[in-house]
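In what follows, a single structure is set out as structure tokens and then discussed.
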């Protein structure tokens with residue numbers, strides 16, 4: 001059984017017991033989180049449900065950790081203009097333990 005959820009403008013395919021890293025969510029480590037934007041659900045017999053057939057489907061999980069991703073270097077350069085610029089970026093994330101899919 002799996003579900004496709006949307007959070008932070010991105011879509012994730014999740015199964016119960018899976019750890020996912022999503023954009024930063026409000027809450028402390030150990031607190032419960034619920035994703036109500038469920039796009040599709042597949043049951044044990046691989047039948048896919050989506051749209052109005054989902055009803056009030058939810059995915060429940062628990063916040064396992066907050067962190068920051070690896071550094072990404074952004075380098076801008078224009079030849080013959082004496083222009084160089086280097087900056088870095090680290091994206092914040094929340095690691096979520098998916099507990100159950102409520103269909």
**OP:** Please indicate, with yes or no, whether at least one residue in the stretch 58-70 is over 19 Å from the mean Cα position of the chain (by Cα) and at pLDDT 80 or above.
**Re:** no
Original post:
Taking residue 94, is it under 21 Å from the mean Cα position of the chain (by Cα) and either touching a residue at least 60 places away in the same chain (Cβ under 8 Å) or assigned to a strand (DSSP E or B) (or both)?
Top reply: yes
**OP:** Please determine, by comparing only the residues of the stretch 3-15 that are touching a residue at least 60 places away in the same chain (Cβ under 8 Å) and within 11 Å of residue 38 (Cβ to Cβ), which one is farthest from the chain's Cα centre (by Cα).
**Re:** 3
Original post:
Just one of the numbered conditions (1) surrounded by 12 or more Cβ atoms within 10 Å (Cβ to Cβ); (2) modelled with pLDDT of 95 or more; (3) in contact with a strand residue (DSSP E or B) (Cβ under 6 Å, 6 or more places away or on another chain) is not true of residue 23; which one?
Top reply: (3)
**OP:** Could you list, in sequence order, all residues of the stretch 1-18 that are part of a loop (DSSP other than H, G, I, E, B) and within 11 Å of residue 59 (Cα to Cα)?
**Re:** 15, 16
Original post:
Across the stretch 26-49, which residue is surrounded by the fewest Cβ atoms within 10 Å (Cβ to Cβ) among those that are free of Cβ contacts under 8 Å to residues at least 12 places away in the same chain and more than 17 Å from residue 67 (Cα to Cα)?
Top reply: 45
Original post:
Could you say whether any residue in the stretch 34-52 is under 15 Å from the mean Cα position of the chain (by Cα) and under 15 Å from residue 95 (Cα atoms)?
Top reply: yes
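The values are calculated or read from the model by the stated rules, or taken from the named source; none is laboratory data. Since this is a predicted model, take the numbers as computed values, not measurements. Every residue, glycine as well, gets a Cβ built from its backbone with ideal geometry; the counts of neighbours run over all protein chains shown.
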